[in-house]
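One structure below.
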Amino acid sequence: MTNPPARRTVLGTGAAFLLAGCSKYGDSNSSSAASPTATTSKPSAGKELAEKSDIPVGGGKVFKEQKVVVTQPKKGEFKAFSAICTHQGCTVNKVADGTIDCPCHGSKYRITDASVVAGPAPRPLPAKKITVKGKSIFLA
C-alpha cells in the first residue's frame, strides 16, 4: 500500500508550478512591450494642445477632450492641471478671474498652483506635465 504524499509536498509542488507559470508570463509580456508596435503607438513629442498665444496671461484654457487645463499665471509661465474636479469628478469648464471653475458644485482652484479657493473640493487639481517648445504647448 502506498502512502499519499504529505500535504507539504503537494503545496510546495503547486507553488513551484504556479511561480513557473508567472515567470513565463512575465517573460512574454516584457518581450512584447519592447516590440516596435508598442513603442510606435506612443509619440515621443506628445500631443500639441495649443499655441502659447491661445492661453491668456492671468487666465487659461480648458481642453475637455484631453481632460487638462493650461494656465498662464504670469507672462511666459505656463502650468497644466487635470481638468477633473477633485470633489465629484466633473470637468472644470472655465478659467476666469484667476481661478479654474467647476460648474457642478462651485469649486474654484487658483491658476498658479490649482489649490482650492472655494467650494466643496477636498484637494488641489493634480498637476500635468507639459512642454513649451517654440510657439506651441505640448502635453507630455
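Readers should treat all values here as calculations from the given coordinates under stated rules, not as data from a laboratory. The structure presented is a predicted model; accordingly, all values stated were derived computationally and were not measured. FYI the Cβ positions are ideal-geometry reconstructions off the backbone, even for glycines, and counts take in every protein chain you see.
Miscellaneous remarks
- All lysines inside 23 Å of residue 67 as judged from Cα atoms, apart from same-chain residues fewer than 8 positions distant: 42, 47, 52, 79, 94, 108, 128, 129, 133, 135
- Sorted from greatest to least, the principal axis extents spanned by the alpha carbons of segment 37-140 come out as 43, 33, 17 Å.
- Close amide H pairs (under 5 Å, H built 1.01 Å from N) link residue 96 with 101, residues at least 5 positions away or on another chain.
- Neighbours of residue 120 by Cβ distance under 15 Å: Lys/Arg scored +1, Asp/Glu scored -1, total +1.
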